[in-house]
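Working notes, structure below.
The values are calculated or read from the model by the stated rules, or taken from the named source; none is laboratory data. All values reported here derive from a predicted model rather than from experimental measurement. So basically every Cβ, Gly included, is an ideal-geometry build from the backbone, and we count neighbours across all protein chains shown. SASA here: full protein model, heavy atoms, side chains in, ligands and nucleic acids out. Shrake-Rupley method; radii C 1.70, N 1.55, O 1.52, S 1.80 Å.
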Amino acid sequence: MGDNPKKFITSDELKNHTKATDLWISIQGKVYNVTNWAKEHPGGDIPLLNLAGQDVTDAFIAFHPGTAWKYLDKFFTGFYLQDFHVSEVSRDYRKLHSEFSKAGMFEKKGHGVIYSICFVTLLIFACFYGVLCCDSFWVHMLSGGVLGLSWMQVAYLGHDSGHYEIMSSRGFNKFAQILTGNCLTGISIAWWKWTHNAHHIACNSLDYDPDLQHLPLLAVSSRLFQSLKSHFYGRKLTFDSMARFFVSYQHLTFYPVMCVARVNLYLQTLLLLFSNRKVPDRALNILGTLVFWTWFPLLVSCLPNWNERVLFVLVSFCVTAIQHVQFCLNHFAANVYVGSPKGNNWFEKQTSGTIDIACSSWMDWFFGGLQFQLEHHLFPRLPRCHLRKISPIVQELCKKHSLPYRSLSFYEANVRTLETLRIAALQARDFTGPAPKNLLWEAVNTHG
């Protein structure tokens, strides 16, 4: 007797398994039941839920090392996808990923991590020296700026450690994550992973990507005026009279909001760590956050008066705001859509939802490699030292398949982002829109 014949299901049948209690996916045409694994998944359950009931081969390849394939067999249902098909774009993407892997590029991290650690150490030492050993007001303000710059560089290290191991072992890498995220910036690495993985999977989906869900302060598209449900937060993104008011002036308030954006990140960290949600390494994250809220207030208290303390914090926040702005430039003016991400157009969605920032190679340290946003989204595990090298290859692939590859200067990206915000702001001022009116709104806007 020969081997048992293969069992098949169709893509439509696979779509029936999209619930947390019944979660199936397909990889390379083989169907897997990951229902019980979702909560244990190192990347969280959100990416699996967002792509449930689909073939997710491209996303799996992008986010997992080759060693991950051997763990799939225990989830195999015995079914194969009957109408499994690989598009030309996906075929070229997978071929390119394989070439990078064979060249060892995912393991060759260069010396950037060591340089970054040394630079961050120098910046933090300079900040502490300026605050503790100098009496000059201007030195204190400069120290605040230096602290903000160190937070930017630390964030890049934390980002790198979240996507791939920057240290010699997984344990040391986890230590680096807690140190760079929680201890030095006060922003939980657990919160970052939770939101960032969802962002990568659902890049620029208005209702699935948390990085575009900033109501009541900001809205990049008038479609958010429909009070969409956030499938990430599990609640409605209410566009009410207050949101209409703020959004109507968002192109004017964008930079001031970015200057205090860290306050929201601190709040989001606390909300997650003390929520009922399952949080990996909750105790370590809380401990690391407590370390930050010990040293940072103590440092600020060493300044001679409250005026300097407030200004010191504001200066540090304003410098770090450059990074917050950069992240917005990478996505706010790109294409957006409503709905869940699809596994069969991974490459296309990444190209449509990202914008690169063109800069000279000597500025790579400042942008942390994330100016190559599309390259990073396509190959999130690729160390940043390789992103500039692969940029021409990605451009050629986009050109071959008539897909957008947008690269703007920092100035041009700011202009494009402000224009996107202004268009949405003007649309929000339309009184025929769905948001309810109130007396404050009418009083402020009666005469335009």
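Taking each of Lys193/Lys349; Lys109/Lys236; Lys95/Lys229 in turn, the alpha-carbon distance tops 31 angstrom for Lys109/Lys236; Lys95/Lys229. For Phe8, the residues whose amide H sits under 5 Å from its own are Tyr80, ignoring neighbours fewer than 5 places away on the same chain, with H placed 1.01 Å from N. Compared with the alpha-carbon gap, the fully stretched path from Tyr164 to Glu107 is longer by 19.6 nm at 0.36 nm per residue. Calculated over segment 108-231, the projected area of the Cα convex hull averaged across directions stands at 10.2 nm².
Compute log10 of I(q)/I(0) for segment 163-298 with the Debye formula, placing one identical point scatterer on every Cα and leaving out solvent, at q = 0.10, 0.18, 0.20 Å⁻¹, to two decimals. Log10 I(q)/I(0), no solvent term: -0.40, -1.09, -1.22. At a probe radius of 1.4 angstrom, the accessible area of the chain per residue rounds to 48 square angstrom. Solvent-accessible area assigned to carbon and sulfur over the chain amounts to 62 percent, based on a 1.4 Å probe.
Full extension of the segment from Trp295 to Ser98, taken as 0.36 nm per residue of separation minus the current Cα-Cα distance, would add 66.4 nm.
Quick one: what does P(r) look like for segment 272-320 with 10 Å bins over all Cα pairs, in whole %? P(r) for segment 272-320, in whole percents per bin: 22, 35, 27, 16, 1.
Full extension of the chain between Ala358 and Asp83 yields a length gain of 94.9 nm, computed as 0.36 nm times the residue separation minus the alpha carbon distance. Remark on His401: its backbone amide H falls under 5 Å from none of the residues 5 or more positions apart or on other chains, H modelled at 1.01 Å from N. Placing dummy labels 7 Å off each Cα toward the beta-carbon, the span from Glu412 to Val139 is 4.4 nm. How high is the FRET efficiency from Glu419 to Lys6, r the C-beta distance, R0 60 Å, rounded to 0.05? That gives a FRET efficiency of 0.65. Only Cα sites of segment 20-141 enter the Debye sum here, all with the same form factor; the resulting log10 I(q)/I(0) across q = 0.18 1/Å is -1.00, listed in q order.
Return the Rg/Rh value of segment 114-170, two decimal places, where both radii are evaluated on C-alpha atoms and Rh is the Kirkwood radius. In segment 114-170, Rg relative to Rh is 1.12. One Cα centroid belongs to segment 197-211, the other to segment 291-356; the line between them spans 16 Å. Backbone geometry of segment 174-180 corresponds, through the Karplus equation with coefficients 6.51, -1.76 and 1.60 at θ = phi - 60°, to 3J(HN,Hα) couplings of 5, 4, 5, 5, 5, 5, 6 Hz, x marking Gly and Pro. Annotation: amide H-H contacts under 5 Å for Phe239 (H modelled 1.01 Å from N, sequence separation of 5 or more, or interchain): Ser227.
Distance distribution note for the chain: the fraction of Cα pairs above 28 angstrom is 55%.
Over segment 143-187, Cα pairs under 8 Å with separation of 6+ residues give a relative contact order of 42 percent. Ranked by the mean number of other Cβ atoms within 10 Å per residue, highest first, peptides 278-284, 335-341 order as 335-341, 278-284. Once the Cα atoms of helix 112-133 and of the chain are each reduced to a long axis, what angle between those two axes, in degrees from 0 to 90 to the nearest 10, is obtained? Approximately 20 degrees, to the nearest 10. Compared with the dominant Cα axis of the chain, that is its longest principal axis, helix 137-163 is turned about 10°. Judged by the ratio a/c of the largest to the smallest principal axis of the C-alpha gyration tensor, segment 269-364 counts as oblate, that ratio being 1.5 or greater while a/b is no larger than b/c. Ordering 80-91, 120-131 by mean Cβ neighbour count within 10 Å, with the highest value first, yields 120-131, 80-91.
Which angle from 0 to 90°, rounded to the nearest 10, does the C-alpha axis of helix 306-329 make with the longest principal axis of the chain? Between the helix axis and the principal axis of the chain, the angle is about 30 degrees.
I want to verify the translational diffusion coefficient of segment 335-378 in µm²/s; compute it with Stokes-Einstein, Rh as the Kirkwood radius over Cα pairs, at 37 °C and 0.692 mPa s. Reported coefficient: 279 µm²/s. The aspartates and glutamates whose alpha-carbon is closer than 12 Å to the alpha-carbon of Lys19, local same-chain residues fewer than 8 away aside, are Asp45.
Of the beta bridges in the chain, as assigned by DSSP with both residues counted there, near 60 percent are antiparallel.
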